[in-house]
Structure formats: structure tokens, C-alpha cells
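The values are calculated or read from the model by the stated rules, or taken from the named source; none is laboratory data. Fair warning: this is a prediction, and the values are worked out from it, not measured in the lab. Cβ: placed from backbone, ideal geometry, glycine included. Neighbour counts: every protein chain shown.
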């Protein structure tokens, strides 16, 4: 999302003349939080994470963690990591790339144990928590993949929300009229593409600022679908707004595996498509000639043009592809999650997808895990409201957004957008 | 520069903006959007659908039904926004106009907040969150503190400005210090604000005692904006605040050194830095002003129209403000009139929905179409085939080059 007015500091130089203290400071703050909240504020209960249900074919023992002990353990280890990071930066050495991941995982374990331990009923189903997170993350992943496709080619896609919403609407209407959920799925992809066409034409042909087009498109789609929902759809819901749901397809044997069975092998076609899309787009972008061209256009359009790549048509087709991908995500809302369309039902998922894309550093795999993390927080909020917890649900809901702000501020890792993202290419 | 020269320049620039090609495009964009909206109303109308079933036997029926559907909706919208000829007294007949001004007040204030950031080259998508924070601060002052009339309102207004400025400060300082893109930070802060106010409204400090709903106590009368036209109308002092703020922003941008620096940062940050202007300070300052203005919109909501704080206090004013700023081309008085127009749409839309059953969402459609068309003058000119006529006139040979500058100005400034 680099605009001409970029004041972003340069990447840290390898000769270590400029020391970047963000990582140790961030680690230090996390360690202090762990010490104060997880360890000193640790509840005197044992947090139980149920892995299997009685009906499962394979049963694993429940995980029981004493909250105070785990709290102290995480606080000590996190402090050690912070000290290590501090020493590394002081001596001008790089921090091992696995350290932030280990740190994040430990922090999550400490947080989960603390929050479950302090609940009225300190026991949650880990399998249900993870499976629910994946389900909630599916539209976010499609949305952020759309963002990846657009931004990698140099077009900022704020219109993800509009693409999801139009996909949800088209899926509901087409599936209702045809009586076939798969027709709805295809219609959703078309609707998402249609939104993309407007985005592409205005930003690539007419050089209108991409952020403006995106913001306005979201309003336009919200208005259009809302208008049609309260005229056509509400007048005859039986014909227009009662889509059949996509069936859940279970892979025999594998779907009975503990934890991963439900998330990998017991999904609707949209869920399987999501995994396929992540892998295909990742390989496409980083392992094929097409991907190299796309990234060249997004990073340095002049150079790409000089090499004979058609900059604007590459951009155009990529933005269209992104719209189709986001459309599939929109179909999830009306064909899998709920079985009718209601106004503004995406409820900001497109903006969370945008956050996931940035948090995932403009990489399909990264966006996938970021979206999973956001889905996890959303689902945790639901689960915790059932077991009863002292943490207000609103703060749980806030977390993805705050994490994203920290991410773009560079406190959590470094996120750098494609260099030409946001700038129209005008051939000289 | 002498005052005479200043006035000359001011009137010339106003004249230029009215007479310039861009105003014609703006007018055509509005007309085009209203026509498209009318088509949408007609296509989805029930009677039109009936008439279309026997189109080949009586084609006139379809056209008249379509015309009636669209024109009926727009007439209702006009009656709800400007003038209602069916009212008993003349004063009552103009009541819709006061409603328009009331609705326009937060739109103008928040629109100014978005516009001033645009002029400095920043995208303030966060007006929504800034409105919520401003409303929250002002409401707390309004129902908690016990102050004499006048001072109470003043403190509430200042608190609202401060609340919005605080929410604008965060993206400003992050942009200045770490390069975090303000679009992302402001979007995220919108959601943080929504959940924050949702949480606060369940705390004893904010929740109305005895109520289980997330709603605050009513603000003290001393903290409310006085009504301008008596108790029969909702129009309040906040509208005058909006006029004052418009003038203030105009003065700041066009007459003050600080405003010149802000515009310089917006036009070319590198040149501004070379000229000794602190770009980072500019980002922080302008985002605080922008947030403060949006915060004032929040004050207009809690201390003017709503009188209590709820989770939906900002409605969709923060997002509408973006379209207002774009339609107003980020000029303070442009924003003012754009706010009036969209305020009229919104006030009239309510009337239209009750009278003809046309959903108010059509207003969103028309609004966003207007902005899309205005942002792409070549498209509007192609639709109305303006370019060809212009080319025949030898007096304006550089019309096409002017077009590209306006396009890039929208891209660069707005």
C-alpha cells in the first residue's frame, strides 16, 4: 500500500549500523504481560482441554494444565527469549527467524491456559475450538487471497468486503432460483469478478485512486444488495432467498482422525477449495513464470514493461481473478454458514481479511495462518462466553485489530507491501 | 498580499471552480447517478413487474409504471428533504429542510475531518471510530459532570474534540514514527472503537442505571446544544458549529502558515521536507485535527440529535463522510455543500421509505455512484459525449490536458 508519501524507514542494513530495537521491546512487553497476568494473576485452577468426544473412533487423553505453573513457565521462557533478543540486537546479530514463532506459540499457550483456567467451568473442547476457528476463517482466507492477488500485481484491494458481500448475495439468489448450490457457487465467483471489473476499470483505465474506488465500491455493494434484499428478496423469499446448502463431504477414515480430521477431511466443497486455492496461489506466485511476471509488475512496473510484460493487462486479469476468489469466500456465508442472505451479513469480514493479508505479509501461506489466527480469536470469544470468563468478550473481539495495528507498526515482525502497490501505471 | 488581492484571488478561485469543467462533470455525475438510481427503483418495482408481463400488448403501461415508481420515490425524497407542500403551515412545510440541515451537521463535520487529511495526502478512513470516541468523551462529560449551563456544553464539545483527536493521533504518530499505513490503522481503529464503546456501555460508569440495555443515561440539559428553531424542530446549535468549523478549516488551509505547510506536505512530501517543513509533525497534527473534527460530529450526535450514547451513535456517518469529502473535492466549502446534499438524501430517504416503500439503501447506491463518476471525469465525458463538442471550440485548446490534471489531482490529493 505504498503511496508516494511514504516515510517508511529503510530495511535494517546488514552492517548493523542501525539497530532495530522493536523486536526486543515487543518481546519484553509480552514477557511483562505474561509475568503480571499469566503468572502472578494465574488462577488456582487446572485448565482442561478436551481433545476427543466419547463418540470418536480414535480417543486421545484430555490435556490438563495447572494454570499457575504454566503461567510461571511461560513468563520465565518469554523473559529468556526477550533477553536473548536484546543481546542479539546489542551485538548486531540477527534474531533467529523461528524465535518469533516460538514466542508467539508460547504466549498463546500461556494466554489460553490463563483464560480457560479463570473461567467458571475451566474446560473447553480443543478440537471444537480449532474446527470452529477454521470454519470462521474460510471466508477470511478467500478474502485475503483476493487481496494477495491484487496487491502483488500493484492494485490495492479495499473492496474485499464488497466482493464477499456480492458473492454471498449472488450465491443465495442463484442457488435459490436454480435449486442447485453449485450454481450458486459459480454465480458467487461471477459476482466477485464483477466488483473487480469496476475496481480494475476505474483504477487501471481511469487512474482513479485505488483506495477511493475500493471504499466507494464497498458502499455501493452494501447499498445495492441491501436494496435488493429488502425489495426482491423480501417480497418472495421462497423463490429468491432460500438457497440449498452445500453438503459436507467426509473423506472416509481420515475424517475420524483426532483434531485434524474435522478441519482437513470433513468440509464442504468451499472448505476444500480454500485449501486448494491457498496452495495453488502460493505455487503460482512464487514458483511459476506467471507469478514472476505478476510480482515484477507489482514491484517495478517500469522494469516489467521494459521486459515486454503488458503491465496494465496483467493487472486487469489478476484483479479479476482476485474477485472470483473472494466471490467463493462470499458463497460460504449463504451456502455453508447460514441458509439465507441478510443485509451486510459479511459484517466487516473483508476488512479482517485485509488485516490478515497484511499480517501474513502479502504471502498466501502467511495470510492463511493470519486468517486462522483471527478466526481462532473470534471463535475463542464464542467458546469463552459459554464457559463464562472474566475477560470481556469485547476485548477478545478487539484483539485481531490491535494485533494488526501492531503488525503494520512493525512491532510484530516487519510487513512490507509490494513496492508499486497503490500507484497506477501510466506509460510514458 | 493586500486584502484586495486576496479577495480577488478568492473570488477567482470560487469562480474557477464553478465555471471549470470539473463542476459540469460533478453536475452530470449527480444527474447520471440519480437516473441510474431511478432505473433501479423502477426495475425492482412490483407494478412495473406486472406491467412487463403484458409488455407487448400495452407497452405504454410499462413505461408509465416505471416512471411513476421512480418519480414517486424521488418526489417523496424531495418532500422529505426540502419542502413538503402538503403541510398545514408554511413553517411546517419547510420542516424537512431543517431535518436536512440536522442530518447534514455530522456529515459536514466528519467530512471536513476526512478532507483536511486528504489535503495533507493522508487517507483518513477512521472517521467512524473518531466519531464514536468523540461522542463517548462528550457524553461522559454530559451526564457525569455537574457544571453550569454554557460551560458544561463547552467542556463537552472540547472533550468530544479531544476524544476524536486522540483516535486520530494514533494513526498519525504511527505513520510518522514507523511508516504504518494510515488506511490500515484507521480501519482497524474503527473496529476497536466499536468494541470499546460496546464494552463501556456495560460498565457502571456509562450504563444507564436500571437499564440492562447498552445505553447511557441522558445527557444533562446544560450539556445539550440549544435548539435553533424551538422545540418543534430538531435543528440545533451544532449546525452553526459546522459552519464555523468549515470556515475555520478554510482559513487554516488557505490563510495560515500551518495550513500552507500541511498542503505542501500533501502536494509533495519530499519537496516539503527539503523546504524545511517537518513532514512527520504535519502527519501527526493533521490527523489530530481530522480526528477532532470527526469528534465534533460525534458531539453533534450525542449533544444534538440523540441525547444518549449508544453503540450505533455514529450510524454510518464516518463512511458517508468519505464520500462527502470526495464529492466536495476536499475543499472546505465543497465539503459543506456535499454534506448538505447527502444530508438531504439521508433525511429524504427516511420519508421515501415510509411513503413509497423504497428502501433507504437506494441513497447509498446513488451516493457511491456520484463519487465514482466524479472520480473519473473521462468516463462521464464519454457518456455525455462532451469531449467532442469541446474540441470544436478553439478557445479551449488545452481542455484535454486539463482533464488529466483533474484526474491526477483526485488521485494525488484526494
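Here are the numbers:
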read-out: Hey, residue B:52 more than 35 Å from the chain's Cα centre (by Cα) and part of a loop (DSSP other than H, G, I, E, B) or not; value: no
read-out: Matching option when the condition is outside any helix (DSSP H, G or I) and either in contact (Cβ under 8 Å) with a residue 60 or more places away in the chain or under 20 Å from residue A:155 (Cβ atoms) (or both), among A:341, A:332, A:316, A:328; value: A:341
read-out: Residue check, residue A:325 more than 23 Å from residue A:105 (Cα to Cα) and buried (at least 20 other Cβ atoms within 10 Å of the Cβ); value: yes
read-out: Single condition residue A:222 does not satisfy, out of (1) over 15 Å from residue B:323 (Cβ atoms); (2) facing chain B (nearest Cβ under 7 Å); value: (1)
read-out: Residue under evaluation residue B:278, criteria (1) within 12 Å of chain A (Cβ to nearest Cβ); (2) under 30 Å from residue A:391 (Cβ atoms); (3) surrounded by fewer than 16 Cβ atoms within 10 Å (Cβ to Cβ), criterion not met; value: (2)
read-out: Matching residues in segment B:369-403 - criterion: being within 12 Å of another protein chain (Cβ to nearest Cβ), over 17 Å from residue B:23 (Cβ atoms) and modelled with pLDDT under 50; value: none
read-out: Set A:402, A:352: member being part of a helix (DSSP H, G or I), within 14 Å of chain B (Cβ to nearest Cβ) and crowded, with 24+ Cβ neighbours inside 10 Å; value: A:352
read-out: Residues of segment A:368-395 that turn out to be within 14 Å of another protein chain (Cβ to nearest Cβ) and at positive phi, as a count; value: 0
read-out: Among (1) more than 9 Å from chain A (Cβ to nearest Cβ); (2) over 22 Å from the mean Cα position of the chain (by Cα), the one test that residue B:239 misses; value: (2)
read-out: Which listed residue is more than 25 Å from residue A:363 (Cα to Cα) and free of Cβ contacts under 8 Å to residues at least 60 places away in the same chain, from A:183, A:173; value: A:183
read-out: Residue satisfying all of: in segment B:177-188; part of a helix (DSSP H, G or I) and within 7 Å of chain A (Cβ to nearest Cβ); nearest to residue B:281 (Cα to Cα) among these; value: B:178
read-out: Candidates A:246, A:224, A:285, filtered to the one that is under 17 Å from residue A:184 (Cα atoms) and in contact with a helix residue (DSSP H, G or I) (Cβ under 6 Å, 6 or more places away or on another chain); value: A:246
read-out: Residue match in segment A:188-204 (condition: in contact with a helix residue (DSSP H, G or I) (Cβ under 9 Å, 6 or more places away or on another chain), surrounded by fewer than 24 Cβ atoms within 10 Å (Cβ to Cβ) and over 28 Å from residue B:359 (Cβ atoms)); value: yes
read-out: Residues located in segment B:217-232, provided they are surrounded by 18 or more Cβ atoms within 10 Å (Cβ to Cβ) and within 29 Å of residue B:97 (Cβ to Cβ); value: B:219, B:223, B:224, B:225
read-out: Matching residues, segment B:324-343, being more than 9 Å from residue B:107 (Cβ to Cβ) and within 13 Å of chain A (Cβ to nearest Cβ); value: B:325, B:326, B:327, B:329, B:330
read-out: Candidates A:233, A:320 - the one that is surrounded by 16 or more Cβ atoms within 10 Å (Cβ to Cβ), over 19 Å from the mean Cα position of the chain (by Cα) and over 26 Å from residue A:365 (Cα atoms); value: A:233
read-out: Residue that is out of contact with any helix residue (DSSP H, G or I) (no Cβ under 6 Å at 6 or more places or on another chain) and in a helix (DSSP H, G or I), where the choices are B:241, B:265; value: B:241
read-out: Residue match in segment A:157-165 (condition: more than 13 Å from chain B (Cβ to nearest Cβ), free of Cβ contacts under 8 Å to residues at least 12 places away in the same chain and either under 30 Å from residue B:368 (Cβ atoms) or assigned to a helix (DSSP H, G or I) (or both)); value: no
read-out: Conditions (1) touching a residue at least 40 places away in the same chain (Cβ under 8 Å); (2) over 25 Å from residue A:352 (Cβ atoms); (3) buried (at least 24 other Cβ atoms within 10 Å of the Cβ); number of the one not met by residue A:208; value: (1)
read-out: Restricting segment A:236-258 to residues that are away from chain B (no Cβ under 14 Å) and assigned to a helix (DSSP H, G or I), the residue that is nearest to the chain's Cα centre (by Cα); value: A:255
read-out: Inter-residue pairs, beta-carbon under 9 Å, first closer than 16 Å to residue B:72 by Cα and in segment B:30-51, second outside any helix (DSSP H, G or I), 6+ apart; value: B:41/B:358; B:44/B:358; B:45/B:358
read-out: Which numbered condition residue A:365 fails, given (1) within 14 Å of another protein chain (Cβ to nearest Cβ); (2) assigned to a helix (DSSP H, G or I); (3) in contact (Cβ under 8 Å) with a residue 12 or more places away in the chain; value: (1)
